[in-house]
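Here's the structure, in C-alpha cells; my notes come after.
Read the figures in this text as sums done on the coordinates, not as results from a lab. Remember, predicted model here, so these are calculated numbers, not experimental data. All Cβ positions, glycine included, derive from the backbone under ideal geometry; neighbour counts span all protein chains shown.
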Amino acid sequence: MSKSIQLAILASGNGTNAQQIAEHFADKPEVNVNVIIYNKKDAYVATRARQLGIEARYFNRHDFLETDDVLHFLQERSIDYVILAGFLLLVPQNLLDAFPNRIVNIHPALLPKYGGKGMYGHNVHEAVVANHETETGITIHIVDQHYDRGTTLFQARCSVTPTDTADDVAAKIHLLEKAYFPPVIESFVLHKEMPKQER
C-alpha cells in the first residue's frame with residue numbers, strides 16, 4: 001500500500017477550520033493530518049488538536065520568519081502539503097521554496113476582492129457590508145510570496161442582503177468553509193476533480 005499523504009495545518013486562532021479538516025480526514029487512510037502548528041501561545045486550536053489526538057506544536061513569529069526551525073520540523077515529519085487554516089503570518093520564502101505549489105490557504109472573500117495585508121476575518125466581512133456588496137464567498141488558493149495572490153483553486157459564493165451585518169456574513173462564510181474547504185483539500189492533494197458548488 002502506498003504511503004498516506006501527510007498534511008501539516010498552520011493556524012493562529014480558534015481552529016474551527018483545522019478541526020473540520022482533521023475530522024474530514026479521520027476516516028480517510030490515504031490522507032493524514034500529521035500535526036497542527038500554531039504561532040500564538042494561547043490559540044485555542046492547540047486545545048482542539050489535543051482533543052482530536054493530533055500533535056500541536058508552537059512556533060513563534062521569530063521561529064517562522066528568522067530561522068529554519070519550522071522548515072526542519074516539517075521535513076523531519078515528511079510533510080507533503082501545508083494547509084493554512086486561519087494562519088495570519090505571511091508564509092516565509094524558505095517554506096515556499098520547500099513546498100512549491102503545495103501550500104494552500106482559504107480566504108473569506110472572492111479574491112481578488114478584499115485581499116491583502118490586514119484583510120482577514122471580521123475585517124473582510126465589515127468591508128463587504130460597508131461597500132454594499134450583493135455577494136461574497138470563499139477563495140481557496142495556492143500560497144505565494146504575496147498575501148492572497150496565489151493561483152485560485154476554488155471559489156464558492158453566497159448572497160449578501162441589505163440587512164446583513166458583518167456577523168451575518170461571517171455565519172454564511174463559516175458554512176461555506178465547512179462545506180468546501182476539506183473536500184477541496186482532498187481533491188487537490190489526491191489530484192481529483194474539484195467539487196462543484198451546489199446552488
So which of Lys40/Lys172; Lys40/Lys196; Lys3/Lys192; Lys41/Lys172; Lys41/Lys113; Lys28/Lys196 end up more than 24 Å apart by C-alpha? Lys40/Lys172; Lys40/Lys196; Lys41/Lys172; Lys41/Lys113
Specify whether the C-alpha gyration tensor of the range 40-87 places it in the rounded, prolate or oblate class, a ≥ b ≥ c being the square roots of the eigenvalues: rounded for a/c under 1.5, otherwise prolate if a/b is larger than b/c and oblate if not. oblate
Starting at the first residue of the range 37-50, write each ³J(HN,Hα) from the Karplus equation 6.51 cos²θ - 1.76 cosθ + 1.60 with θ = phi - 60°, in whole Hz, x for Gly and Pro. 9, 10, 10, 10, 3, 9, 4, 5, 4, 5, 5, 4, 4, 4
Longest to shortest principal axis, alpha-carbon extents of the chain, angstrom: 50, 38, 31
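Please label the shape of the range 1-100 as rounded, prolate or oblate, based on the square roots a ≥ b ≥ c of the eigenvalues of the alpha-carbon gyration tensor (a/c under 1.5 means rounded; beyond that, a/b larger than b/c means prolate, else oblate).
Oblate.
Counting Lys +1, Arg +1, Asp -1, Glu -1, what net charge surrounds Ala46 among other residues with beta carbon under 11 Å of its beta carbon? It would help to have the intermediate numbers written out before the result.
Numbers: positive: Lys40, Lys41, Arg48, Arg50, Arg57; negative: Asp42, Glu55.
So the environment of Ala46 carries a net charge of +3.
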Taking 8 Å as the Cα distance limit and 6 or more residues as the minimum spacing, I'd like the relative contact order of the chain as a percentage. 18 percent
Dividing the mean separation of Cα pairs under 8 Å (6+ apart) by the residue count of the range 81-199 yields a relative contact order in percent of 23 percent
From Cα pairs below 8 angstrom and at least 6 apart in sequence, can you work out the relative contact order of the range 1-100, rounded to a whole percent? 36 percent
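Give me the net charge of Val124's neighbourhood, meaning all other residues with Cβ under 15 Å from the Cβ of Val124; Lys, Arg count +1, Asp, Glu -1.
Working: positive: Lys113, Lys117, Arg157, Lys172; negative: Glu126, Glu133, Glu135, Asp148, Asp164, Asp167, Asp168, Glu177.
That sum, taken over residues with Cβ under 15 Å, equals -4.
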Excluding Gln93 itself, calculate the net charge of residues whose Cβ lies under 13 Å from the Cβ of Gln93, where each Lys or Arg counts +1 and each Asp or Glu counts -1. -4
Simple spin-label estimate for Thr134/Thr163, 7 Å along Cα→Cβ, in nm, reads 1.9 nm
Calculate the FRET efficiency for Glu198 and Asp97 from the Cβ-Cβ distance with a Förster distance of 41 Å, rounded to the nearest 0.05. 0.65
For the chain, modelled as a Gaussian network with Cα springs under 10 Å, which listed residue fluctuates most, Ala171, Ala49, Ala22? Ala171
Three-way shape label, the range 106-194, alpha-carbon gyration tensor, a/c 1.5: oblate
